[in-house]
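K.L.:
Below is the structure I would like to discuss, written out as structure tokens.
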Amino acid sequence: MVSHFRMELAPQPVGEQRKIKEPDGYAPQVLSRSMEVEIDSPHVGKTRDVGSPIKVSGLDQVRYGYPPALGEHTEHVLKDLLGYSADKIDVLENQNVV
């Protein structure tokens with residue numbers, strides 16, 4: 001592991017590594033930029049996460065959706081996006097592929 005002192009001597013910009021989630025909550029940078037968002041998930045309830053650092057004047061904040069549960073969109077992707085038939089999806093399910 002390279003020591004902090006040796007990194008300062010390197011010919012490139014370096015700095016302290018910061019964590020988004022500190023032991024006592026989110027890092028001050030996250031809070032000061034209003035990046036902490038609340039997500040309401042039907043699977044786990046309300047949770048807090050880090051939103052986008054990109055802010056554009058005059059535009060509303062991005063609305064964040066919950067992450068899908070494992071397999072939640074599998075049928076939609078196979079049927080509607082890839083055009084698989086119900087029979088083909090059944091075969092994949094019976095073979096434990098999906």
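K.L.:
Can you tell me how many residues within the stretch 44-70 are surrounded by fewer than 10 Cβ atoms within 10 Å (Cβ to Cβ) and aliphatic (A, V, I, L, M)?
P.N.:
Looking only at that region, the number is 4.
K.L.:
When only residues in the stretch 26-41 that are aliphatic (A, V, I, L, M) and modelled with pLDDT under 80 count, which is surrounded by the fewest Cβ atoms within 10 Å (Cβ to Cβ)?
P.N.:
Among them, the one singled out is LEU31.
K.L.:
Also, I was wondering about something else. State which residue is farthest from VAL37 (Cα to Cα) when the search covers only the stretch 47-74 and only residues that are outside any loop (DSSP other than H, G, I, E, B) and assigned by TED's automatic domain parsing to the domain that holds LEU31.
P.N.:
THR47
K.L.:
Let me ask another. Report whether or not VAL77 is at pLDDT below 95 and either assigned by TED's automatic domain parsing to the domain that holds TYR26 or not in a strand (DSSP E or B) (or both).
P.N.:
Here the answer is no, as VAL77 does not meet what is asked.
The values are calculated or read from the model by the stated rules, or taken from the named source; none is laboratory data. These figures come from a predicted structure and were not determined experimentally. FYI the Cβ positions are ideal-geometry reconstructions off the backbone, even for glycines, and counts take in every protein chain you see.
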